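Data block below; observations after.
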């Protein structure tokens with residue numbers, strides 16, 4: 001291997017790696033006639049001959065120490081969160097989950113009691129989201145715990161929502177509030193550090209009751225099936241949608257790039273919980289950065305014409321307009337509280 | 001954690017862990033009306049309302065150092081093999097794969113050139129088996145490479161074959177030959193050891209040409225879509241089927257336990273390639289043990305009435321009868337070359 005070319009993956013961003021893989025795989029692609037949407041959206045979309053319901057497929061892998069940290073996250077919570085995160089991709093297509101497979105790679109340090117806890121969390125989420133676990137696989141792991149979750153779901157062909165349908169003048173909307181999961185992470189990491197520094201000598205029990213909301217947002221996020229039900233009841237279909245798993249800026253960029261449009265975000269409209277503001281104040285940090293770049297909120301970001309927004313907000317309260325779709329030439333910009341307009345260099349964010 | 005109960009997973013076998021998980025998850029199981037078969041077969045089987053085709057779902061995770069070894073397996077081969085292995089579960093239900101998702105957890109040591117090789121292998125298999133890769137996920141790994149493959153497939157409700165349908169007097173049949181992948185592994189591990197002992201000082205290039213067949217069986221196994229096509233053309237449906245991913249003994253036991261029957265294996269009938277025999281001779285080992293306990297051959301093991309076997313073998317040559325289904329009370333036994341009957345304690349094999 002010594003003379004072979006070696007370009008470290010870390011030199012490329014995740015999105016570039018995905019594009020890279022897409023290019024390799026497309027060279028040898030077999031018959032794709034029934035594949036409505038392949039690599040590049042929240043789910044793959046597959047048409048079954050003669051059916052009006054499309055099949056959705058998504059899969060995510062979570063690695064201990066990278067995607068979750070057992071030093072502060074209880075295993076039940078890890079199980080619940082990973083299911084929430086995986087299902088969020090199904091909801092982001094305006095679909096409903098149907099079943100999931102869970103694979104685990106187990107290191108020796110994991111006991112059967114710990115597996116119990118993990119699967120209690122997975123089972124609880126399965127019940128909450130009506131998505132039974134129907135199988136999976138177990139292998140050994142030489143280092144940390146690895147959990148892969150694959151979800152199958154369905155969506156009517158008239159309701160399927162891609163990242164790519166946003167139209168100029170559409171409103172950009174978001175559910176819930178943002179930055180809370182990141183605020184929770186800040187608190188948990190602070191407690192972890194305190195514990196590492198002092199835990200061995202003292203009978204340290206962290207008191208997180210003041211931070212319950214943000215810690216819950218980090219440890220056991222809910223994915224937003226409630227608005228998917230509302231869309232169906234109100235007979236509204238968003239023009240484009242993505243779940244906020246990375247962060248508002250990156251996921252907005254994904255949506256506008258897929259749609260070939262620009263966007264203006266209204267900084268002052270971005271929903272932030274009081275509890276999140278309190279944490280940012282405590283750390284003397286800018287809470288807007290938590291909301292814009294924090295990640296892991298698993299809220300839904302979508303676009304629709306203003307008339308549909310008006311119908312929606314009358315019946316579904318937990319949603320706000322945070323921006324407006326512009327022509328592509330306008331790029332990605334944000335109107336700040338002082339009325340100034342910031343421009344983002346989206347080429348730097350890919 | 002110090003006072004919490006800790007039962008190491010290694011104390012339990014993989015099948016016991018699966019049963020354990022099944023018990024936890026079933027406590028919180030949501031509506032399972034459309035789940036025809038959940039945990040415990042090669043795939044989950046899901047009914048879509050009003051459809052005669054059932055959906056198949058399977059997912060496997062492969063961990064570097066546990067399920068594959070990059071010191072002797074080229075990355076293209078790893079990619080190809082993992083797809084073969086994942087698709088084998090779809091064929092084991094008598095189904096056809098439709099699409100797959102591939103997740104990778106990447107350690108820093110993996111370059112983009114190495115990712116190219118991995119996905120070239122995956123792409124080649126996608127083409128050979130007409131199963132496009134339609135998505136996936138990338139995350140970082142703090143240790144080795146982890147690859148998870150999820151496959152969706154279909155099978156007609158009249159053709160779906162479980163592990164559980166074997167009937168007394170059915171013939172037990174197997175495709176191809178057994179023990180070859182294990183023989184290949186023996187050769188590769190010997191070369192690896194030689195390389196570790198001498199490689200640094202010498203310009204060591206292993207000459208594996210004498211072992212091409214068995215090395216290929218280990219590195220790039222094919223899964224048996226050919227016999228699935230033959231079943232369809234001949235309008236034959238096996239009564240039970242499983243793929244041999246562990247080994248003949250363990251997978252036979254899975255099949256008879258799921259079916260509630262016993263079995264007699266004919267030792268002399270078990271198909272073994274000459275190349276596999278040659279390797280066992282070289283190592284002065286018993287080739288029957290390679291075939292019975294070797295693993296990773298990805299052949300199909302199935303049962304059917306003798307009249308169907310007669311039709312099948314007239315048109316499909318690469319299959320042999322290796323046993324007969326008996327009542328459950330007879331357990332698992334094997335008739336040896338000398339005419340003796342061995343009895344296996346299947347409770348020890350779970």
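The values are calculated or read from the model by the stated rules, or taken from the named source; none is laboratory data. Small disclaimer: the values here were computed from a predicted structure and weren't measured. So basically every Cβ, Gly included, is an ideal-geometry build from the backbone, and we count neighbours across all protein chains shown.
Could you please let me know if residue B:184 is under 30 Å from residue B:331 (Cβ atoms), touching a helix residue (DSSP H, G or I) at 6+ places or on another chain (Cβ under 9 Å) and outside the structural domain of residue B:39 (by TED's automatic domain parsing)? Criteria not met by residue B:184. Of the residues B:242, B:236, B:227, the single one that is under 27 Å from residue B:162 (Cβ atoms) and either modelled with pLDDT under 95 or in a helix (DSSP H, G or I) (or both) is B:227. For region A:128-143, the set of residues classified as over 20 Å from the mean Cα position of the chain (by Cα) and surrounded by fewer than 24 Cβ atoms within 10 Å (Cβ to Cβ) consists of A:137, A:138, A:139, A:140, A:142, A:143, listed by residue number.
In region A:234-243, the residue that is farthest from the chain's Cα centre (by Cα) out of those that are within 18 Å of residue A:324 (Cβ to Cβ) and surrounded by 23 or more Cβ atoms within 10 Å (Cβ to Cβ) is A:238. With respect to the conditions (1) at pLDDT below 75; (2) farther than 18 Å from residue A:121 by Cα; (3) surrounded by 16 or more Cβ atoms within 10 Å (Cβ to Cβ), residue B:10 lacks only one, and its number is (3). If only residues of region B:35-50 that are buried (at least 16 other Cβ atoms within 10 Å of the Cβ) and part of a loop (DSSP other than H, G, I, E, B) are counted, the one that is modelled with the highest pLDDT is B:43.
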